[in-house]
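Below is one structure, written out as structure tokens, with a few remarks after it.
The values are calculated or read from the model by the stated rules, or taken from the named source; none is laboratory data. The structure presented is a predicted model; accordingly, all values stated were derived computationally and were not measured. Glycine gets a Cβ as well: all are built from the backbone with ideal geometry, and neighbour counts include every protein chain shown. Side chains included, ligands, DNA and RNA excluded: accessible areas come from the protein's heavy atoms. Shrake-Rupley method; radii C 1.70, N 1.55, O 1.52, S 1.80 Å.
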Amino acid sequence: MKVYIVQVIPEASLGKVSQEGYSTLEKAQAFVESRSDRPQQISPYLYHTADFTDYLIYEVNIV
């Protein structure tokens with residue numbers, strides 16, 4: 001089973017991992033795209049904002 005988690009990394013910070021996991025990549029992307037700072041997609045797993053915040057989506061295998 002795969003789960004998708006999101007890490008939010010503001011400029012010059014270690015960042016935080018979201019407290020929720022998502023069952024599909026599309027749901028994780030929808031979460032990121034709904035954020036108020038309007039992240040722009042760089043790749044399916046990376047988003048970036050104008051204020052240099054990165055959103056990274058990780059695919060995690062649950063055994």
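The table below lists the values:
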| read-out | value |
| --- | --- |
| Residues being closer than 13 Å to VAL6 by Cα and surrounded by 12 or more Cβ atoms within 10 Å (Cβ to Cβ) - total across the stretch 27-38 | 7 |
| Tabulated pairs, the stretch 10-23, first within 16 Å of ASP37 (Cα to Cα), second open to solvent by 70 Å² or more (accessible area, probe 1.4 Å), C-beta under 6 angstrom, 6+ apart or interchain | GLU11/PHE52 |
| Members of the stretch 6-58 found to be acidic (Asp, Glu) and either in a loop (DSSP other than H, G, I, E, B) or touching a helix residue (DSSP H, G or I) at 6+ places or on another chain (Cβ under 7 Å) (or both), listed by number | GLU11, GLU20, ASP37, ASP51 |
| Options SER43, SER18; residue that is under 10 Å from the mean Cα position of the chain (by Cα) and open to solvent by less than 50 Å² (accessible area, probe 1.4 Å) | SER18 |
| Yes/no for THR49 being open to solvent by less than 50 Å² (accessible area, probe 1.4 Å) and touching a residue at least 40 places away in the same chain (Cβ under 8 Å) | no |
